[in-house]
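Below you'll find the structure, written out as structure tokens, and then a few comments.
The values are calculated or read from the model by the stated rules, or taken from the named source; none is laboratory data. This structure is a prediction, so every number in the text was calculated from the model and none was measured. Quick reminder, even Gly has a Cβ in these numbers, built from the backbone with ideal geometry, and neighbours come from all protein chains shown. For the accessible areas, the whole protein counts, side chains as well, though only heavy atoms, and no ligand, DNA or RNA atoms are used. Shrake-Rupley method; radii C 1.70, N 1.55, O 1.52, S 1.80 Å.
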Amino acid sequence: MADRVTVIGWDGSPLTEAARSALGAATLVAGAAHHLALPEVPPLAERIRLGSVALAARRIAGHRGTAVVLADGDPGFFGVVRTLRAPEFGLEVEVVPGVSSVAAAFARAGMPWDDAQVVVAHPRTLRRAVNVCRAHAKVAVLTSPGAGPAELGLLLAGVHRTFVICEELGTEREQVSVVTSDNAPDHTWRDPNVVIVIGGPASAAEDGGWTAGRDPGTGPRGWVQPDEAYGEGAALGEGETELLRAAQLARLGPRVGDLVWDIGCGSGAFAVEAARAGAAVIAVDRDPAACARTDAAARRYGVQLQVVHGSAPHVLEDLPEPDVVRVGGGGAAVVSAVADRRPQRIVAHAATRDAAELVGRDLTEHGYRVECALLQSVELDTRAWRETERNVAFLLSGVLSDRPVIR
């Protein structure tokens, strides 16, 4: 095992005294090509070109001497330190940090970033990174080849965002560009780069928040809000009652990185509440007035969602792949079209047992494990403790238990 392993973060500025001292004593140096070309690297040291960090860690573990790993930015922030400290390598490391590429990118843009989401995009996580960009007003994306600004722009089709693209930060070839998301695919971008994605309402108070990223305390308390909080005076549909919405949210469990379809969004109540959970949401309705109410509800609660006017199932063909879906209208035909897209979970409701059986059979034929519950809510006037309203609905949920989560 190496006698000592030092990880040095390099942000393009001159190395600190601690970094120069560690590097001068190194008998093995690992890093990218531009790191290995630094004049401080000892000429007699063994050099490893970093490709796979795991492979480099194995070689370092077998080295007898002093090892140094050079990495861009802060190596403890989505960097090499996590891999090097994995139990299978048995390495104890000392870290000399640099300015992270995310901090440098926001510095170049002259923007605060305590209210930003930070995500990593590579081919396996690109879709989920894009969903975070759909759902949040300020996101920093650490990109990789095949999952860069062009791919982000393509997958954000239909959602307007501004990209601040910072290429090769800390080098002589550093360049910062500002483009709209729809224009990003028209260019070739150099790696490595960081993309700041901006759009929609601000996510933190003007004087700053109290926690990094999205403030979990924004908006009124509660997973669901009373029916009267939505609709702008219009009555909510039978599939939008507070109890049913709460049960649907519990069955779907929308979360950060997910894309939720809300088909037959009505007042926008469910769409807004799924967005408040941190998920990206596409709300669909054939009624222009429902689309307008949903858009107004999203603005009122300060969440981001995309509203699509059109009739299901035809309008669903061009939408990006969902993780979970609420079918608020359209019946078995829409449920069948949704199941063809293979989301992990689907919820629907029915007014009668016959209609519930029809939907349930269709979900079963598509390979979903189906559950059905009869929900009944009775509203009481607590002044006289008498019933004022009663709602009854069959709640159906389908789960693809054998399907892995889409990253």
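Quick notes on this structure:
- Accessible surface ranking for T27, T125, T188, T382, 1.4 angstrom probe, highest first: T188, T382, T27, T125.
- Rolling a 1.4 Å probe over the protein heavy atoms leaves F394 with an accessible area of roughly 40 Å².
- Per DSSP, loop GluC sites (Glu not before Pro) in the stretch 99-192 with at most 10 further Cβ within 10 Å: E172
- Accessible surface ranking that places the most exposed of D3, D381 first, with a 1.4 angstrom probe: D3, D381
- Amide H contacts under 5 Å for V118, placed H, 5+ residues apart: A140
- The chain: DSSP helices with Cα axial extent of at least 24 Å and average Kyte-Doolittle hydropathy no lower than 1.6: none
- Å² per residue, accessible surface of the stretch 265-407 at 1.4 Å: 48
- Under 5 Å, built H, 5+ apart or other chain: amide partners of I8: V69, L70, A71, V96
- Around the amide H of L50, modelled in the peptide plane, lie the amide H atoms of G31, A32, all under 5 Å away and 5 or more residues distant in sequence or on another chain.
- Accessible area of the chain belonging to carbon and sulfur atoms, whole % at 1.4 Å probe: 52
- Accessible area in square angstrom per residue, the stretch 114-207, 1.4 angstrom probe: 44
- Share antiparallel - DSSP beta bridges, the chain, percent rounded to 5: 50
- Annotation note: trypsin sites (Lys or Arg not before Pro) in the stretch 92-135 located in DSSP loop regions with a Cβ neighbour count of at most 16 within 10 Å are R124.
- Modelled label positions at A212 and R361, each set 7 Å beyond Cα in the direction of Cβ, lie 5.5 nm from each other.
- Net charge contributed by nearby residues that have their C-beta within less than 13 Å of W113 (K/R +1, D/E -1): +1
- A simple count of charges around I8, restricted to other residues whose Cβ falls under 10 Å of its Cβ and scoring Lys, Arg +1 and Asp, Glu -1, yields -1.
- Residue order for L36, L358 - accessible surface, 1.4 angstrom probe, largest first: L358, L36
- Going through (1) 22.1; (2) 19.6; (3) 23.9, the figure that equals mean projected area of the Cα convex hull in nm² as computed for the structure here is (3).
- Inter-probe distance in nm under a simple model that places probes 7 Å from Cα toward Cβ, at D340 and D287: 2.6
- Computed from point charges on the beta carbon alone (+1 for Lys and Arg, -1 for Asp and Glu), the dipole magnitude for the stretch 93-141 about its Cα centre is near 380 Debye.
- Seen from A57, the other residues with C-beta closer than 12 Å to its C-beta sum to a net charge of +3, counting Lys and Arg as +1 and Asp and Glu as -1.
- Were the residues from R386 through D182 laid out at 0.36 nm apart, the gain over their Cα-Cα distance would be 67.8 nm.
- Among the GluC sites (Glu not before Pro) in the stretch 83-141, those placed in a DSSP loop whose Cβ has at most 16 other Cβ atoms within 10 Å are E88, E92.
- Each stretch of four or more DSSP H residues adds -39500 (n - 2.57); spread over every residue of the chain, this sum gives -7500 deg cm²/dmol at 222 nm.
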